[in-house]
Amino acid sequence: QVQLVESGGGLVQPGGSLRLSCAASGSIFNINAIGWYRQAPGKERELVATITSGGSTNYVDSVKGRFTISIDTAKKTVYLQTNSLKPEDTAVYYCNAFMQTARFAYGMTYWGKGTLVTVSS
């Protein structure tokens, strides 16, 4: 069974940092792209960072210079380093991956269940 599992969330003070992880497991042929999304209470879910298997990255303007996405292909794990955290970064952070699997050879998107980041003094 293919799944994504996020970890690394928690409670931090403004200006602090967290390193979020997203581990993929199961019968996976290719991981084509992975994105981190977040959803704050009462807000729409937004895409904050993406990375391709070739290492190309993109970020939403609000996190540029503060967040860094990276991937370890051998471990099938993607990371989101979050620095200089602000209260408005508070949200559930979700991992999303477009992958080719045994069940979906042409590829499909998979979602993790999320990890909560709370930024408060």
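The values are calculated or read from the model by the stated rules, or taken from the named source; none is laboratory data. Keep in mind that what you see is a predicted model, and the values were worked out from it rather than measured. With ideal geometry, Cβ positions are generated from the backbone for all residues, glycine too; neighbour counts draw on all protein chains shown. The protein model used for the area step is the full one, side chains on, heavy atoms only, and it has no ligands, DNA or RNA in it. Shrake-Rupley method; radii C 1.70, N 1.55, O 1.52, S 1.80 Å.
In terms of overall dimensions, the C-alpha atoms belonging to the stretch 62-121 reach 46, 21, 20 Å along their principal axes, ordered largest to smallest. With a 1.4 Å probe rolled over the protein heavy atoms of all chains, the accessible area of L11, L4 falls in the order L11, L4, largest first. Centroid-to-centroid, using Cα positions, the stretch 6-53 and the stretch 81-121 are 3 Å apart. In terms of overall dimensions, the stretch 33-83 has a Cα radius of gyration and Dmax of 11.4, 37 angstrom. Take the Cα radius of gyration of the chain and divide it by 2.2 N^0.38 Å, N being the number of residues; the result is 1.04.
Any idea which of I34, L11, A24 is furthest toward the positive side of the dipole for the chain, if Lys and Arg beta-carbons carry +1 and Asp and Glu beta-carbons -1? It is A24. Full extension of the chain between K64 and N30 gives 9.5 nm of extra length, using 0.36 nm per residue less the Cα-Cα distance.
Extension gain, T57 to L11: 0.36 nm times the residue separation minus the Cα-Cα distance gives 13.9 nm. Restriction of the trypsin sites (Lys or Arg not before Pro) in the stretch 1-76 to DSSP coil positions whose beta-carbon has at most 15 other beta-carbons within 10 angstrom yields K43, R45, K64, R66, K75. Cβ-Cβ distance of R103 and N83, R₀ of 30 Å, FRET efficiency by 1/(1 + (r/R0)^6): the value works out to about 0.20.
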